[in-house]
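The values are calculated or read from the model by the stated rules, or taken from the named source; none is laboratory data. These numbers were taken from a predicted model, which means no experiment stands behind them. A quick note on method: Cβ atoms are made from the backbone with ideal geometry, for glycine too, and the neighbour counts reach across all protein chains shown. Surface areas here come from the heavy atoms of the whole protein model, side chains and all, with no ligands, DNA or RNA. Shrake-Rupley method; radii C 1.70, N 1.55, O 1.52, S 1.80 Å.
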Amino acid sequence: MPFPDFDAAESANNVLISEERSYDKDNLIVEFQQHFVKLTDEQRSIFNEIISAVEAGNGGVFFVYGYGGTGKTFLWNTLSAAIRSKGQIVLNVASSGIASLLLPGGRTAHSRFRIPLNITEDSICSIKANSDAANLLRETSLIIWDEAPLMNKYCFQALDRTLNDILPTQSASGSKSYFGGKVVVFGGDFRQCLPVIQGGTPEEIVSSSLSSSTIWDDCKVLKLTKNMRLTQGSLPSDAESIREFSEWLLQLGEGRLGGPNDGRAVITIPDDILIQDSADPLQDLIDFAYPSILQNFNDPTYWKERAVPAPTNEVVHDINDRLLSIIPGEEKEYFSSDSLCQTERVEDVFNPNMYSPDFLNGLELSGLPPHRLVLKVGAPVILLRNFDQKNGLCNGTRLQIVSLGKHVIEAEVISGSNIGFRTFLPRLSISPTDKSIPFKFQRRQFPISLCFGMTINKSQGQSLSKVALYLKNPCFSHGQLYVALSRVKSRSGLKVLILDEDGKVTNKTVNVVFKSVFSNL
Ligand SMILES: Nc1ncnc2c1ncn2[C@@H]1O[C@H](COP(=O)(O)OP(=O)(O)OP(=O)(O)O)[C@@H](O)[C@H]1O
């Protein structure tokens, strides 16, 4: 009598493994064939190298380095279809919620690998050796981690340590094998935003990135160089202007514009993408992004590919207030309830009376919904928390307000992987992770904010038809200007309004690039 297959039975009981093996293989074969024939030569060569590593089973760490629009996501889709169509497991993760929605079956790295939120040099992931999550990792053939440069190097090191605990391996030569001998492919663009270190110096920010980690020495860098976003659907006659625009973006992203500089240069933006000579330049900028807004605002597709990015939350609020007042309908206000966390209520260390409700209500922090949230039906909003990733509801997903109840808000998804999906949003208790606040508090509020305008950091990873960049203040951190300008699918879809210190329209702005981040590539 044959022995029962205990391994198969165990896998079937593991819902994480079953989910990752439940893809429709026939559909994936078709998808793979359609994608594979379209791969460019450089995409195909990277595809072959990674597939060979997966087939060899000896592990390997790769970094696919391609600037915005070179087809990294396209490559991830092709690799995932190729491997999943054989019944093998690919874990697709991204450093940000919005980027994870672009990946098939994507999750944020934090939630998939249970990476601690307050990461330190010695952190490990919260995955026990005999758990379902550990068994899923054992069964995994390939890990793809997109937008890796956004994340602190300690997150990668935590996963490496955890996988080496779960899957102790040593290569034939006796040398250390990273990530428990799994094939791990990172992707991203070091010209784009880097990890956020509150108050960090350029050196601290660069040294917190993946390219400064212990893993980097063994990471093979594979480069993509052709801008597929700008070339898709364009006419052959546009080839030269597309090449010029791509080259200009690249020079900007690498800090090669504005003469010799140490990473902070004043650059001139070309006239054809500037808003100038206007009686109301901000209105012209808004009209460019959102033309005929009164006729169109009820159409969810109208909002999908448009954005008015700006470097700071303060400027984003100005844009949101201005546009909300244009949209017809009644405003509804929702006030948050803010309180100190219980752990802070230790009388001899801390006097809670110093932190009155008014004081807490007045705090405006990145990633935290406002104390006074003002909304209208039809307004676009952005989610500020990973809420229901399977249904495409994560930090960065955009929705349109359908109805405004007392205790719930109904909204429809207008970006990402589940467009048209309607959901009810409840109030949540949210604690800021901002380390500049020396105490813990929580705000009970709907986890959304208006998004007619959005911060540049939130726009990373999106492909948009219309980008109206509002530089009331200049960009202040590495990669911000490059991220904002490289979101568009065509040069004609881009307009920039720059104000100088006196509020006058100008054609000059600051580009910040921490050049040392490129030195290890
Ligand atoms: N080989 C290809 N054939 C056809 N279309 C492609 C190919 N490669 C990429 N594309 C298309 O080009 C556009 C940009 O590609 P993609 O989104 O994969 O770039 P990306 O490198 O992930 O960009 P970002 O870093 O900005 O997120 C997409 O519309 C994608 O479908």
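Here are some notes:
- Descending by average beta-carbon neighbour count within 10 Å, the peptides 374-384, 141-151, 416-426 line up as 141-151, 374-384, 416-426, the highest first.
- Global dimensions of the stretch 329-453 from alpha-carbon coordinates: Rg and Dmax equal 15.8, 52 Å.
- Our estimate of slack between Thr506 and Thr214, defined as 0.36 nm per intervening residue step minus the Cα-Cα distance, is 100.7 nm.
- By accessible area with a 1.4 Å probe, ligands and nucleic acids excluded, highest first: order of Ser96, Ser292: Ser292, Ser96
- Relative contact order (percent, whole number), the stretch 329-453, Cα cutoff 8 Å, 6+ residue spacing: 28
- Distribution of pairwise C-alpha distances over the chain, 20 Å bins, in %: 20, 55, 23, 1, 0
- Taken along the Cα-to-beta-carbon direction at a fixed 7 Å, the label points for Val15 and Glu247 span 5.5 nm.
- FRET efficiency for the pair Asp132 and Gln88, taken as 1/(1 + (r/R0)^6) with r the Cβ-Cβ distance and R0 = 22 Å, rounds to 0.75.
- Calculated FRET efficiency for the pair Ser465/Arg322, C-beta based, R₀ 22 Å, to 0.05: 0.55
- Accessible surface of the chain [probe 1.4 Å, protein heavy atoms]: carbon and sulfur percent: 50
- Shape call, the stretch 388-510: gyration tensor on alpha carbons, a/c limit 1.5: oblate
- In plain terms, the chain from Asp165 to Glu49 could stretch by 39.1 nm, reckoned as 0.36 nm per residue minus the Cα-Cα distance.
- Across the stretch 448-497 the C-alpha pair distances fall into 5 Å bins from zero in the proportions 4, 20, 33, 26, 14, 2, 0 percent.
- Set of lysines near Lys406 by C-alpha distance (under 23 Å), chain-local residues within fewer than 8 positions excluded: Lys332, Lys376
- Taking all Cα pairs closer than 8 Å and separated by 6 or more residues, the relative contact order of the stretch 8-226 comes to 27 percent.
- Note on Asn58 and Asp277: the model spin-label points, each 7 Å out from Cα along the C-beta direction, lie 6.5 nm apart.
- Ranked by the mean number of other Cβ atoms within 10 Å of their residues, highest first, the peptides 39-47, 329-337 fall in the order 39-47, 329-337.
- Peptides ranked, highest mean first, by Cβ atoms within 10 Å: ranges 266-275, 397-406: 397-406, 266-275
- Accessible area per residue was computed with a 1.4 Å probe on protein heavy atoms; Cys155 scores about 0 Å².
- If you sort the three axes of the alpha carbon gyration tensor as a ≥ b ≥ c, you get a/c of 1.5 or more for the stretch 206-270 and a/b no higher than b/c, which makes it oblate.
- Size of electric dipole in the stretch 8-226: Cβ of Lys, Arg +1 and of Asp, Glu -1, about Cα centre, debye, nearest 20: 240
- Computed with a 1.4 Å probe over protein heavy atoms only, the accessible surface of the stretch 75-139 comes to 36 Å² per residue.
- 3J(HN,Hα) along the stretch 199-212: x, x, 7, x, 5, 5, 5, 4, 6, 8, 8, 3, 6, 9 Hz, from the Karplus curve 6.51 cos²θ - 1.76 cosθ + 1.60 with θ = phi - 60°, whole Hz, x for Gly and Pro.
- Counting only residues at least eight positions apart within a chain, or on another chain, the aspartates and glutamates with an alpha carbon under 13 Å from that of Lys304 are Glu412.
- A simple spin-label model places the labels of Phe359 and Asn118 2.0 nm from each other, with each point 7 Å out along Cα-to-Cβ.
- Kyte-Doolittle mean at least 0.0, axial Cα span of 15 Å or more - DSSP H helices of the chain: 72-84
- Set of aspartates and glutamates near Lys25 by C-alpha distance (under 20 Å), chain-local residues within fewer than 8 positions excluded: Glu55, Glu139
- Other residues within the sphere of radius under 12 Å centred on the Cβ of Glu501, judged by their own Cβ, net out at +1 (K and R +1, D and E -1).
- For the stretch 8-226: span of alpha carbons on each principal axis (Å, largest first): 51, 44, 38
- Three-way shape call for the stretch 386-441 based on the alpha-carbon gyration tensor, with the a/c threshold at 1.5: oblate
- Scaled radius of gyration (Cα, divided by 2.2 N^0.38 Å) that the stretch 55-127 gives: 1.25
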